[in-house]
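Worksheet: the structure to be examined is printed underneath.
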Amino acid sequence: MLLVYTHKITPRLKYVFKHICTRILGVEVSFTTTIEEFIAHDSIKMSYTKQQLGNEFFLKSHDILYEQGLSDIEINVHDWDTTKCFFLNGDKSYIPFDIFAASFYLLSRYEEYLPHVNDEFGRFSATESIAFKYGFLNQPVVDIWAYKFRDKLQEQYPKYKFPQRTYSISPIIDVPSAYNFRMKGLLRTFGGTLKDLSMLKLKSLYDRYMVIFGFKHDPFDTFKYIINKQKQTKHKFLFFFLIGAYSTYDKGINPNKKGFVSLIKQVADYCKVGLKASYFAIHDPVILKKEKLRMEAIINTSLTASRQSFSKLNLPESYRNLIELEIQEDYTMGYVNHIGFRAGTCTPFLFYDLDFEVQTPLKVWSYHLMDYALLKTKSLLDKKKVLNEVIDEVKKVDGEFVPVFHNYTFSESDRWDGFKELFNIIIESTNNE
């Protein structure tokens, strides 16, 4: 067990030390403000405070972990070997940056509480983040810093054996609409027909009625293919089904349709199923609760995981609503149009509520890539290169890679040409682990 001496034990300090030491490095950590207890400890230990006590492993502390609320913090990003960091902390410190303060800043999403410009859906944009502005969005810096910290500790305590973790994947299958033409009802089918005719989309019109009359397979119905892929790996896929009401933003299948319910149950036999909260449920806890109860009735068990429609997050309200409903896991945090690490980590972490200064029970799986972001690269060769680069970054720190694909990504549409191959690369990336 690692013992940390500090002049004051705060919720922020405990939170970030447990993420770095326990979740990433697999080492239990405890804290003391008593010098005698610190001296008596006969295993690995360090001081995290303003002044070094003696010749112990020392890391000079930044003020952020001892503050409450938000303040105007000056961020100066510097190069550090092959990565970057901030909160430079002087010569006497065993590592040149306060990685715990910097990690807290990224994990708590401190910058998302500060004034910023949202995109057209009211989302925090990648371009507003310090990770994008200073060129480290493509690295899980929190995990990289943790490994640097471990290496320095190992030099001080060469006999201590740190546990080894293993690279893993958690592929997400997002299902905003299970079918393109089936189960849409008379009104929506009629509306779709008029739209096809007005825009002269004759192939779409032909496909629509071939599917409705059972002569063709619905292009969005790729579930058999995905389940076969699930059978090839021990890593569980997570399906998020939209079961909210039809609206301007959400155009899913009516959750009262027996065929749709049957599909969700069938998928749940092989994969984990969560709720894709509708656009209006994001702002309304009453709607969210209704959707949660509806999904629980379908899967016949308590709902543990959710994802917000359009990957929209309003911190801290979105997460407080999930906590209120006892939803334990969220998979919303990430950038739709940018590949990278929104919270700076590829290790699931607990949400810290900056307003209440408390670590919550909600576990956040920040996703690192959405299929849409790969559409930015033209050729399949370039897509593979970009995908392999992000996988390699996660592998370097034995982290957990979280990609988001949609059911329609596996269709025969020209837009998604080659994406089955890209998904195979993700599945096969765990073969040697």
> Residue by residue through the stretch 327-343, which ³J(HN,Hα) values in whole Hz follow from phi under the Karplus form 6.51 cos²θ - 1.76 cosθ + 1.60 (θ = phi - 60°), with glycine and proline marked x?
Replying inline: 7, 8, 9, 10, 10, 8, 5, x, 10, 5, 9, 10, 8, x, 10, 4, 9
> If each Cα of the chain is one equal point scatterer, what is log10 of I(q)/I(0) from the Debye formula at q = 0.11, 0.12 Å⁻¹?
Replying inline: -0.89, -1.03
> Where the accessible area of the stretch 275-315 is counted over protein heavy atoms with a 1.4 Å probe, how much of it, in %, is carbon and sulfur?
Replying inline: 56
> Whose amide H sits under 5 Å from the amide H of GLY274, counting only residues 5 or more places off or on another chain, with H placed in the peptide plane?
Replying inline: PHE239, PHE240, PHE241
>> With a 1.4 Å probe and all protein chains left in place, how much accessible area per residue does the stretch 21-142 have, in Å²?
In response: 45
>> I need the phi-derived Karplus couplings for the stretch 274-286: 6.51 cos²θ - 1.76 cosθ + 1.60, θ = phi - 60°, integer Hz, Gly and Pro marked x.
In response: x, 9, 8, 5, 5, 4, 7, 5, 4, 9, 10, x, 5
> Can you give the accessible area of MET199 in Å² (nearest 10), computed on protein heavy atoms with a 1.4 Å probe?
Replying inline: 110
>> Ignoring chymotrypsin sites (Phe, Trp or Tyr not before Pro) that are buried or in helix or strand per DSSP, and keeping those with at most 10 other beta carbon atoms within 10 Å, what is the longest stretch of the chain between them?
In response: 216-433
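Which net charge results for the neighbourhood of LEU313, defined as the other residues with beta-carbon distances under 11 angstrom from its beta-carbon, given Lys and Arg at +1 and Asp and Glu at -1? Display every interim value, and only then the final one.
Values: positive: ARG109, ARG123, ARG307, LYS312, ARG342; negative: GLU112, GLU317, ASP330.
Neighbour charge sum, excluding LEU313 itself: +2.
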> Restricting the count to DSSP beta bridges whose residues both fall in the chain, what percent are antiparallel, rounded to a multiple of 5?
Replying inline: 20
> Karplus couplings for the stretch 351-367 from phi (6.51 cos²θ - 1.76 cosθ + 1.60, θ = phi - 60°), rounded to Hz, Gly and Pro as x?
Replying inline: 6, 9, 8, 5, 6, 9, 6, 8, 7, 9, x, 7, 8, 9, 9, 7, 7
> What is the projected area of the convex hull of the Cα atoms of the stretch 337-433, averaged over all directions, in nm²?
Replying inline: 7.5
>> Would you report the distance distribution of C-alpha pairs in the stretch 252-392 as whole percents per 5 angstrom bin, up to the bin with the largest distance?
In response: 2, 9, 16, 19, 17, 16, 11, 7, 2, 0
>> With N set to the number of residues, divide the alpha-carbon radius of gyration of the stretch 231-295 by 2.2 N^0.38 Å and report two decimals.
In response: 1.20
> Given H placed 1.01 Å from N in the peptide plane, which residues other than close sequence neighbours of PHE97 have an amide H under 5 Å from its amide H?
Replying inline: ASN89
> Which value, in Å² and to the nearest 10, is the accessible area of SER379 when all protein chains are kept and the probe is 1.4 Å?
Replying inline: 50
> Could you give the radius of gyration (one decimal) and Dmax (whole number) of the Cα atoms in the stretch 44-178, in Å?
Replying inline: 17.9, 63
>> Suppose all protein chains stay in the model; what accessible area per residue would a 1.4 Å probe give for the stretch 340-392, in Å²?
In response: 37
> Of the heavy-atom accessible surface of the stretch 9-153 (probe 1.4 angstrom), what whole percent is carbon and sulfur?
Replying inline: 48
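Leaving out ligands, DNA and RNA, what percent of the accessible area of the stretch 365-419 is carbon and sulfur, probe 1.4 Å? Working shown, then result.
On the way: 1110 of 2280 Å².
Here carbon and sulfur together make up 49 percent of the probe-accessible area.
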>> For a quick size check, give me the Cα extents of the stretch 358-412 along its three principal axes, largest first, whole Å.
In response: 45, 28, 16
> Once you list every other residue whose beta carbon is under 10 Å from the beta carbon of LEU375, what net charge do they have if Lys and Arg are +1 and Asp and Glu are -1?
Replying inline: +3
> Out of residues 5 or more away from ILE169 or on other chains, whose amide H comes under 5 Å of its own, with H placed 1.01 Å from N in the peptide plane?
Replying inline: PHE401
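What number in nm² do you get for the stretch 1-81 if you take the convex hull of its Cα atoms and divide its surface by four? The partial results should precede the final answer.
On the way: hull surface 26.4 nm².
Computed as one quarter of the Cα hull surface, the answer is 6.6 nm².
The values are calculated or read from the model by the stated rules, or taken from the named source; none is laboratory data. None of the values given here were measured: they were computed from a predicted structure. Ideal geometry is used to build each Cβ from the backbone, glycine not excepted, and the neighbour counts take in all protein chains shown. Each accessible area value is taken on the protein alone, full model and side chains, heavy atoms only, with ligands, DNA and RNA left out. Shrake-Rupley method; radii C 1.70, N 1.55, O 1.52, S 1.80 Å.
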